[in-house]
Amino acid sequence: MSTNARLFEYIDVNPKEILTKGTLAKKISMDKLQPFCRDIPEYELAEYTGGTKFRNGDTIMARITPCLENGKTAMVNILDENEVGFGSTEYIVFRAKKELTIPDFVYYLVRSSFVRELAIKSMVGSSGRQRVQTNVVENLEIDFPSLTEQTQIASVLKSLDDKIALNNKINNNLAA
């Protein structure tokens, strides 16, 4: 059974996190994200001076042109338990709400053409520096499936992404 709701009712958008300025933390800059790739291949350790903060399981999506159009959306999976990382101020962070959504489903929903195309159409600003209007994405009406259905949908998509990641790893080893 599914429920029609606005995205922000089932997913936290840009949830608040605390990271003290000057703290050494894992940083995921925009150039680290690969187009249409779930996994984050690398990060750097840097002093936090500002930027978007996130945790493992969060989905980060570029909100600026051309990065969003190029498919820069990923699921954060490189942090330790209870660790907060940071990255570009040009990310929108999406976090599953307990008992309403699961992280894998949130990632695949945000990456879907349904959400991406609406986000792209909402962009405003000067040419070359357009940004997504976060409130348009937050208010998107979605037919959210039950947690059981979310798990089933996400597990099929995740298994495909896992196979792609394994094939890429094999190909990279062959090329080396």
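Taking a straight Cα-Cα cut-off under 30 Å and skipping sequence neighbours fewer than 8 places away in the same chain, the lysines within cross-link reach of residue 21 are 32, 53, 72, 97, 98.
Using a 1.4 angstrom probe, figure out how much accessible area the chain has per residue, in square angstrom, rounded to the nearest whole. It would help to have the intermediate numbers written out before the result.
Working: 9550 Å² over 176 residues.
Accessible area per residue, the chain: 54 Å².
Using a 1.4 Å probe on the protein chains only, how many percent of the accessible area of region 72-176 belongs to carbon and sulfur?
Details: 3060 of 5850 Å².
Accessible surface attributable to carbon and sulfur in region 72-176 totals 52 percent.
The aspartates and glutamates whose alpha-carbon is closer than 18 Å to the alpha-carbon of residue 158, local same-chain residues fewer than 8 away aside, are 39, 58, 104, 149.
Between residue 20 and residue 147, full extension at 0.36 nm per residue minus the direct alpha carbon distance yields a gain of 42.2 nm. Computed from Cα atoms alone, the Kirkwood hydrodynamic radius reported for the chain is 16.8 Å. Give the residues of region 73-103 whose amide nitrogen is closer than 19 Å to a point set 7 Å from the Cα of residue 134 in the direction of its Cβ. Output list for this probe position: 73-76, 84-98.
About its Cα centre, the chain has a charge dipole of approximately 360 debye under the convention of +1 per Lys or Arg Cβ and -1 per Asp or Glu Cβ, with nothing else charged. A cut-off under 10 angstrom between Cβ atoms defines the neighbours of residue 32, and their net charge, with Lys, Arg +1 and Asp, Glu -1, is -1. Residues in region 152-161 carry Karplus couplings, in order, of 5, 4, 5, 5, 5, 5, 5, 5, 5, 4 Hz; the curve used is 6.51 cos²θ - 1.76 cosθ + 1.60 with θ = phi - 60°, and Gly or Pro positions show x. Computed from the C-beta positions of residue 174 and residue 29 and an R0 of 30 Å, the FRET efficiency is 0.60 to the nearest 0.05.
The values are calculated or read from the model by the stated rules, or taken from the named source; none is laboratory data. In this text, all values refer to a predicted model and were calculated from it rather than measured experimentally. Quick reminder, even Gly has a Cβ in these numbers, built from the backbone with ideal geometry, and neighbours come from all protein chains shown. Note: accessible area is taken over every heavy atom of the protein model, side chains too, but ligands, DNA and RNA are not part of it. Shrake-Rupley method; radii C 1.70, N 1.55, O 1.52, S 1.80 Å.
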